[in-house]
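Values quoted throughout were computed directly from the atomic coordinates according to the rules given, and no laboratory measurement underlies them. This one's a predicted model, so the numbers in the text were calculated from it and none came from an experiment. Don't worry about glycine lacking a Cβ; one is built from the backbone with ideal geometry, like all the others, and counts go over all protein chains shown.
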Amino acid sequence: MKLKNIIESQQFDEETIFELFKKTDELRIGVKKPLDGKILATLFYEPSTRTRLSFESAMLRMGGQVISTENAKEFSSAIKGESIEDSVRVISTYSDAIVIRHFEEGALEKAASVSPVPVINGGSGSGQHPTQTLLDIYTIWKEVGKIDGITIAMVGDLKYGRTVRSLCYLLGKFKNIKIIFIAPKALSINQDIKDYLKRKDVSFEERTELDKYLPEVDVVYMTRIQKERMSEKEYEESKGLYKITEKNLQLIKKTARLLHPLPHVEEIQLSLETENKDQRVAYFRQAENGLYVRMALLSCLLD
C-alpha cells in the first residue's frame, strides 16, 4: 500500500482501510525505525494537541525527525500575507512530508497541488479530518469487532464538526450501516452529507432526543459544541443540550462503545473512576489508537 497524499476520507476504499489496520496492528507490536533520516513538518494554523503531538510522536518512534510550528496563523509568514501554496513550496524543501491543519476548507487541496512531498490533512476548517476518521473507524473495529452492520449515533455539533463529516464519508464504504444524527436543528448535518449517504445506500435518520436512542446503538459518537465556529446565538442555544452522565450511560448496551474525538467539555460528565473502569468508555483508547494509525500512515507515505 503506497499513498501519495492524505486529503479526504473518500480516497480510502475498504481494501486499503483493512491493509492500514493490519499495518497498525503490526506497529503496535514493535518498530524497526523505518523512517530514519526522514523529516516531518507539522504546520498548524489552528490549535491542536492530540493531532500534532501524535503525528510528531509517531515520526520520532519510527526513527524520523520533526520540524514544527504550532500557531502558524500568528507566528509564520502567513501573518505577512504569504499564501499556503508559497509556504508549502518552501517547507517541502525542508522536509519529506507535511501535516497541515488549516482554518479554511480547500486549503489542503491547494497545498497538495504544489507540493513535491506528501501532504497530510490534519484538519481543514469545518471540512474534513481524515486521519481522525481512520483512527475512529479502527477503534470501532477493535472495540465492537466489526464495522459492517453497526448502528451509530452521532451527537452534538453536526453542522460544523469535521470529524463527523469525515466519518460519514468513510462509513459509506461499508455495508448495512445505520446512522442516527442527534443534534439541535440549528446544528443538523449538512445536506451534502445526506446526499452522499443516500447515494451509498446508508440508512440514516435525524432526531433531537438523545436518551431515547442510546439503547439502540453500537457506538455513541459524541462531539463538543464548537463555539469557535458558530455565532454567539447558535452557541447559546445549543450548549449543554446533550450530555453523557453517570445516569444515561447506563442506557448504553454493555457491548456498545462511547467515542469522542476530544477534547470533551460539558458534553461528557463522567467520573474518573467510570472513565477508567467502564469498558464502554473508549475515547482515551481511541486517542491512543491515533498514535499507531498515524505511524501506519507515515509508513505508507514514506517507507
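Remarks
- Fraction of beta bridges assigned by DSSP in the chain that are antiparallel (%, nearest 5): 5
- Cα Rg over Rh - the stretch 106-201, Kirkwood: 1.00
- From helices alone, the chain scores -11500 deg cm²/dmol at 222 nm; the rule is -39500 (n - 2.57) for each run of n ≥ 4 DSSP H residues, then divide by the residue total.
- For the stretch 236-299 versus the stretch 149-194, the gap between their alpha-carbon centres in whole angstrom: 17
- Taking a straight line from the alpha carbon of Lys239, these lysines sit under 17 Å away, with near neighbours fewer than eight places off in the same chain left out: Lys159, Lys185, Lys227.
- Whole-Å semi-axes of the ellipsoid equivalent to the stretch 78-131 (Cα gyration tensor, √5λ, descending): 17, 14, 8
- Within the stretch 103-220, percent of DSSP bridges classed antiparallel, to nearest 5: 10
- FRET efficiency estimate (nearest 0.05) - Cβ-Cβ, Lys142 to Arg199, R0 35 angstrom: 0.80
- Dimensions of the chain from C-alpha coordinates, computed as largest minus smallest value along each principal axis and given longest first, are 54, 45, 41 Å.
- In this rough spin-label picture, where each label sits 7 Å from Cα along the Cβ direction, the Asp36-Asp86 distance is 4.0 nm.
- For the stretch 173-220, applying the loop criterion from DSSP together with a ceiling of 13 other beta carbons within 10 Å to the GluC sites (Glu not before Pro) yields Glu209.
- Simple label model, 7 Å out from Cα along Cβ direction - Glu105 to Lys22, nm: 3.6
- Pairwise FRET efficiency - Asp211 versus Glu275, Cβ, R0 = 22 Å, nearest 0.05: 0.65
- Modelled FRET efficiency - R0 35 Å, Leu60 with Val114, Cβ distances, 0.05 increments: 0.80
- Nearby lysines by direct alpha-carbon distance to Lys4 (threshold 25 angstrom, same-chain neighbours under 8 apart not counted): Lys22, Lys23, Lys32, Lys33, Lys38, Lys110, Lys173
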